[in-house]
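The values are calculated or read from the model by the stated rules, or taken from the named source; none is laboratory data. What you are looking at is a predicted structure, and each value in this text was computed from that prediction instead of being measured. Neighbour counts are summed over all protein chains in view; Cβ atoms, including those assigned to glycine, are modelled from backbone coordinates with ideal geometry. Accessible surface areas use protein heavy atoms only, side chains included; no ligands, DNA or RNA. Shrake-Rupley method; radii C 1.70, N 1.55, O 1.52, S 1.80 Å.
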Amino acid sequence: KYGVIGVDRLCRDLSSWRDMFVAGRMQKPVSVLGTADPRVVAAAAANLRAALAAALLALPETFSTRQLHRALCGLSYGGDIRMALFAEDADKVARIAAGSRAALTRLYADAIEEVGRGAVGLTRTNGPGPRPAIYSAWGNSQRLGSGGQAVVRW
């Protein structure tokens with residue numbers, strides 16, 4: 001799909017999620033034609049951080065990369081009337097997430113790193129390797145044991 005939108009309106013939607021149409025599309029991998037305006041780059045990064053925060057709220061304390069990708073892709077479909085009326089494929093979000101796994105990992109890498117350094121933590125609880133990553137999210141927590149689990153104290 002292609003779209004043309006003014007820079008001011010694009011930045012407003014990316015920052016406020018007023019319509020969630022463009023912001024939702026840009027929470028998934030997209031191709032930008034030409035050179036991106038610095039305001040759009042900043043608003044797009046804020047959109048990804050906000051999407052990550054929203055997805056983390058919907059996930060259990062420990063979750064897989066697959067679950068994270070589904071939560072991220074599903075944000076823009078949460079209020080889609082087609083999904084509620086079963087007029088859309090029920091597996092659409094899972095298919096988008098599965099088909100975009102590598103691109104989603106790249107797209108959200110900076111946001112995940114930033115969240116990992118912040119007050120709300122996000123750590124990988126299994127080692128690197130070919131297996132899907134398992135993450136643990138916590139806020140103001142104490143780490144327990146060597147299993148990477150955390151007690152959440154909000």
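Tabulated results
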read-out: Tally of residues being under 15 Å from Ala109 (Cα atoms) and charged (D, E, K, R) across the range 23-60; value: 2
read-out: Cross-chain or 6+ apart pairs with Cβ under 6 Å, the range 99-113 first and over 15 Å from Ala55 (Cα atoms), then assigned to a loop (DSSP other than H, G, I, E, B); value: Ser100/Pro29; Ala103/Pro29
read-out: Subset of the range 96-114 [part of a helix (DSSP H, G or I), open to solvent by less than 40 Å² (accessible area, probe 1.4 Å) and within 14 Å of Ala44 (Cβ to Cβ)]; value: Ala111
read-out: Subset of the range 1-37 that is of a type outside the set (A, V, I, L, M) and touching an Asp or Glu at 6+ places or on another chain (Cβ under 8 Å) - its residue that is least open to solvent (accessible area, probe 1.4 Å); value: Asp13
read-out: Looking only at the range 13-69, and only at residues there that are in a helix (DSSP H, G or I), of a type in the set (Lys, Arg) and within 13 Å of the chain's Cα centre (by Cα), the one that is modelled with the highest pLDDT; value: Arg49
read-out: Pairs, first among the β-branched types (Val, Ile, Thr) in the range 38-62, second modelled with pLDDT under 90 and open to solvent by less than 30 Å² (accessible area, probe 1.4 Å), C-beta under 7 Å, six or more apart; value: Thr62/Ser136
read-out: Those residues of the range 1-45 which are hydrophobic (A, V, I, L, M, F, W, C) and more than 24 Å from Lys92 (Cβ to Cβ), in sequence order; value: Val4, Val7, Leu10, Cys11, Leu33, Ala36, Val40, Val41, Ala42, Ala43, Ala45
